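Enquirer: Before we start, here is the structure in question, set down as structure tokens.
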Amino acid sequence: LDHIPPSLTNNFSSTIKILDLSHNNFSNLSFLQHFPMLTSLILDHNLVNSSTPFPTMPQLKILWLNHNRISQLFPFIQRLKTAFPSLIFLSLMANEAVPVNVDSSTFYQHLQYRLFVVSWFPTLEHLDDQPVTVGERMEAQRLYKRPLLERLVNKEPVR
């Protein structure tokens, strides 16, 4: 599938809370705006990329985007935060932008990735296959102070 049939949207979108669209060809996710009750969304093995826009869904708690085409974390993570501000579980494994933590040569990159993502989501409890620890949360806040980072990214003067 690369789109949702209108019959599904028309008949069920207002009541569906969990939607698993894994192993499809979705790259355009605008149809999600028709699912106001959605709390869990699984889009593993699709065509989601770093530029894919997402509709705002403040009620979404679980988002899986494993095995997609996400090649850059920023500004992708910023858009995720805007669209899904209440995420508790996020999984981005097996995307180009996500370092694999398999040995000591990639440990530091994987740690930086986790801290960066955690810094954007204060409600996040679980990232990929591991819970977010108190230590990670504290280090993420220390390393990636949001107001300063956002001003630098948006090229605003630092006061």
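Nothing in this text is a laboratory measurement; each read-out follows from the coordinates by a stated rule. Please read all numbers here as calculations on a predicted model, not as lab measurements.
Enquirer: Post the alpha-carbon centroid distance, segment 1-71 to segment 81-97, in whole angstrom.
Expert: Cα centres, segment 1-71 to segment 81-97: 13 Å.
Enquirer: How large is the Rg to Rh ratio of segment 11-62 when both quantities use alpha carbon positions and Rh follows Kirkwood? Spell out each step's value before the answer.
Expert: Numbers: Rg = 10.7 Å, Rh = 11.4 Å.
Answer for segment 11-62: 0.94.
Enquirer: What are the semi-axes of the equivalent ellipsoid for segment 30-93, taken as the square roots of 5 times the Cα gyration tensor eigenvalues, largest first, in whole Å?
Expert: Working from the Cα gyration tensor, I get semi-axes of 17, 12, 12 Å.
Enquirer: In addition: Per-residue HN-Hα couplings for segment 66-81, Karplus 6.51 cos²θ - 1.76 cosθ + 1.60 at θ = phi - 60°, whole Hz, x for Gly and Pro?
Expert: Listing the rounded values in order: 5, 6, 10, 10, 7, 10, 9, 6, 10, x, 3, 5, 4, 5, 4, 4 Hz.
Enquirer: If you look at just the Cα atoms of the chain, how large are its Rg and its Dmax in Å?
Expert: Cα-based Rg and Dmax for the chain come out at 16.3, 53 Å.
Enquirer: In addition: In whole Hz, what ³J(HN,Hα) sequence does segment 11-23 give by Karplus (6.51, -1.76, 1.60; θ = phi - 60°), x for Gly and Pro?
Expert: Karplus values, whole Hz, x for Gly and Pro: 8, 10, 4, 6, 10, 5, 9, 10, 9, 10, 10, 5, 6.
Enquirer: Once phi is turned into θ = phi - 60°, what whole-Hz ³J(HN,Hα) does the Karplus curve with 6.51, -1.76 and 1.60 give for every residue of segment 106-118, x standing for Gly and Pro?
Expert: Couplings: 10, 4, 5, 5, 5, 4, 4, 4, 4, 5, 4, 5, 4 Hz.
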